[in-house]
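Here is the structure we will look at, set down as structure tokens.
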Amino acid sequence: MRTRFWVPGLLLLGASSALLAASNFDVRDFGAKGDGSTKDTAAIQKAIDAAEKQGGGTVTLPPGNYLSGTIHLKSNVTLFLSNGATLLASPDNADFDPYETLPFKSVSDNETTYFHYGLVTAENVHHIAILGQGTIDGNRPRRRGPKTVSIKLCRFVTIRGITVQNSPNYSISFWGTDYIDIDGVTILNGYADGIDPDASRYVRISNCYIDCFDDAICPKASPSMGMENRRSTEHLTVTNCVLRTNCSNFKFGTESSGDLKDVTVSNCTMFPREKGRRPISGISLESVDGANIDGVVISNISMAGIETPIFVRLGNRGRGLNPPVPGSAQNISISNILVRGASMASSVTGIPGYPVRRVSLSNIVITMEGGNHDPKGLEVPEHIAKYPEGNMFGVLPAYGFYGRHAEGLALSNIHTRWDKEDLRPAMIFDDVKDLTVDGFRTDTVAGSSSLVWMNNVIGALIRGSRPALEKGLLRVSGAESKGIITQ
């Protein structure tokens with residue numbers, strides 16, 4: 001008699017074994033072999049369809065290697081991967097659904113736009129789950145291929161415990177999906193992004209380990225239903241995650257046609273992968289396609305070996321907009337950040353006439369690599385329409401922090417230092433109104449430049465800050481500078 005694999009949590013007090021058996025669908029009963037060479041796509045889909053027909057249930061993959069093309073999850077169905085079970089993507093691209101036909105011309109790339117070309121897919125269904133201690137394997141040696149988990153226009157989605165590896169496309173990708181719970185998921189050797197909630201709401205990502213080449217967690221707001229139907233990503237929490245990447249650890253802005261609102265990121269570590277380039281940024285918040293970023297709280301983050309620790313950007317690439325119109329970035333709090341071995345300054349930048357507003361940076365300790373012996377002036381390019389990236393401005397004239405085109409910028413208890421002698425100021429503020437610098441300190445100084453340079457700054461308070469080794473604290477320039485108070 002075939003052994004049954006019950007899903008933890010399904011055993012109910014007083015439930016009969018017959019009832020439990022009726023709600024569990026073993027893919028082997030539908031013809032799956034799990035031998036790694038037989039294509040089990042049809043058998044797995046038959047089990048899913050049978051569970052849906054009964055009103056819901058759990059489709060179980062016992063230990064084995066299940067070679068498969070596209071499978072479609074249905075409402076009220078859980079896909080359970082037992083410990084020792086691997087859902088293995090077929091190496092034949094013809095085994096996967098083609099790109100869907102869209103009623104509009106997408107301005108995004110194919111990876112972002114399309115969701116049918118995937119291994120585990122779902123569209124317009126509800127109350128679905130992928131659970132277990134098993135593995136979903138994208139089974140590719142490089143980028144370009146089907147998404148591994150691809151969820152579109154769904155509600156109430158749970159993904160817990162599984163490992164996703166070798167993904168040639170986004171490892172776990174959502175569009176237009178609400179009420180998402182991702183917990184305890186491990187992503188290994190992803191060739192593209194790790195987890196991308198796109199135009200999605202009420203999203204919880206917790207206790208995950210993500211190791212991928214491209215952005216680890218990358219909320220987006222792409223116009224995948226046409227520009228007239230832009231949708232926000234909002235009510236998003238990320239907590240207790242370990243993030244390793246060659247690009248950005250947490251980034252919004254690759255696609256920013258819709259808004260980003262009410263977001264918290266906390267208790268995460270961010271550092272490089274074992275191979276490849278160092279991460280471009282730790283935290284990137286970017287509005288360049290008309291998005292409004294509003295209500296973001298990021299705290300308790302440890303970073304190491306990252307180029308740019310913090311990057312907040314309001315630009316005007318205007319993808320899909322005619323004419324391009326800037327959005328906004330405001331009400332952002334970033335606190336309790338520890339950075340070691342960063343190579344490029346953090347920055348908060350808007351564009352002329354469109355400042356970033358009400359940004360608070362507090363309790364931040366940054367150790368920079370340093371080593372710049374050729375300090376520049378303030379001629380930093382605006383790059384108004386450029387693709388947003390933490391290193392887009394090149395080497396900045398400050399080694400620690402650079403702020404430009406901002407209003408209501410507050411920095412408190414900031415401690416900067418470098419490992420190699422650096423002649424640049426620690427912080428530069430250019431075209432900033434309502435600036436507060438409270439409790440700034442550094443314990444490494446060199447050269448003749450003052451530690452803080454304010455140019456065309458209106459209304460600033462610098463207090464509780466002290467230069468090291470009798471170094472000059474403040475330099476003020478620009479005809480518009482006024483109302484600067486030091487205490």
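If you go through segment 221-258 and keep only what is modelled with pLDDT under 95 and not small (Gly, Ala, Ser), you end up with PRO223, MET225, MET227, GLU228, ASN229, ARG230, ARG231, THR254, GLU255. Just one of the listed residues (PHE393, PHE401) is farther than 20 Å from GLN330 by Cβ and either surrounded by 19 or more Cβ atoms within 10 Å (Cβ to Cβ) or touching a Phe, Trp or Tyr at 6+ places or on another chain (Cβ under 8 Å) (or both), namely PHE393.
Here VAL445 meets the list (1) crowded, with 18+ Cβ neighbours inside 10 Å; (2) within 28 Å of SER287 (Cα to Cα); (3) of a type in the set (Val, Ile, Thr) almost entirely, failing just condition (2). Strands (runs of 3 or more DSSP E) fully within segment 51-90 that include at least 3 residues being among the hydrophobic types (A, V, I, L, M, F, W, C): 77-81, 85-89. Residues in segment 333-357 that are under 22 Å from the mean Cα position of the chain (by Cα) and on the phi > 0 side of the Ramachandran plot: ASN336, GLY341. Being touching a strand residue (DSSP E or B) at 6+ places or on another chain (Cβ under 9 Å), over 23 Å from ARG160 (Cα atoms), crowded, with 18+ Cβ neighbours inside 10 Å and not small (Gly, Ala, Ser) holds for only one residue in GLU100, GLU111, and it is GLU111.
Candidates are the residues of segment 179-197 that are surrounded by fewer than 24 Cβ atoms within 10 Å (Cβ to Cβ) and not aliphatic (A, V, I, L, M); the one that is farthest from THR135 (Cα to Cα) is TYR179. Whether a residue is more than 15 Å from the chain's Cα centre (by Cα) and aliphatic (A, V, I, L, M) was assessed, and ALA192 does not pass this test.
Looking only at residues of segment 246-265 that are over 14 Å from ILE301 (Cβ atoms) and within 11 Å of the chain's Cα centre (by Cα), we find that the one that is surrounded by the fewest Cβ atoms within 10 Å (Cβ to Cβ) is CYS247. For segment 227-258, the set of residues classified as under 22 Å from LEU102 (Cβ atoms) and either without any contact (Cβ under 8 Å) to a residue 24 or more places away in the chain or among the acidic types (Asp, Glu) (or both) consists of GLU228, ASN229, GLU255, listed by residue number.
Report whether or not ILE334 is part of a strand (DSSP E or B) and in the same structural domain as HIS415 (by TED's automatic domain parsing). Yes: the conditions hold for ILE334. For segment 319-354, filtered to residues that are over 28 Å from ARG417 (Cα atoms) and in contact with a His (Cβ under 9 Å, 6 or more places away or on another chain), the residue that is surrounded by the fewest Cβ atoms within 10 Å (Cβ to Cβ) is GLY353.
Please enumerate the residues belonging to segment 140-157 that are assigned to a strand (DSSP E or B) and more than 17 Å from GLU52 (Cα to Cα). Please lay out each step first, then the result.
Residues of segment 140-157 assigned to a strand (DSSP E or B): 147-152, 155-157.
Result: LYS147, THR148, VAL149, SER150, ILE151, LYS152.
Would a scan of segment 127-139 turn up a residue that is in a loop (DSSP other than H, G, I, E, B), in contact (Cβ under 8 Å) with a residue 12 or more places away in the chain and out of contact with any strand residue (DSSP E or B) (no Cβ under 6 Å at 6 or more places or on another chain)? Yes: segment 127-139 contains one or more residues that are in a loop (DSSP other than H, G, I, E, B), in contact (Cβ under 8 Å) with a residue 12 or more places away in the chain and out of contact with any strand residue (DSSP E or B) (no Cβ under 6 Å at 6 or more places or on another chain). Would you confirm whether any residue within segment 406-425 is more than 21 Å from PRO352 (Cβ to Cβ), surrounded by fewer than 16 Cβ atoms within 10 Å (Cβ to Cβ), of a type outside the set (A, V, I, L, M, F, W, C) and touching a His at 6+ places or on another chain (Cβ under 8 Å)? Yes.
The values are calculated or read from the model by the stated rules, or taken from the named source; none is laboratory data. Everything numeric here is computed off the predicted structure, so don't read it as measured data. We place every Cβ from the backbone using ideal geometry, glycine too, and count neighbours over all the protein chains shown.
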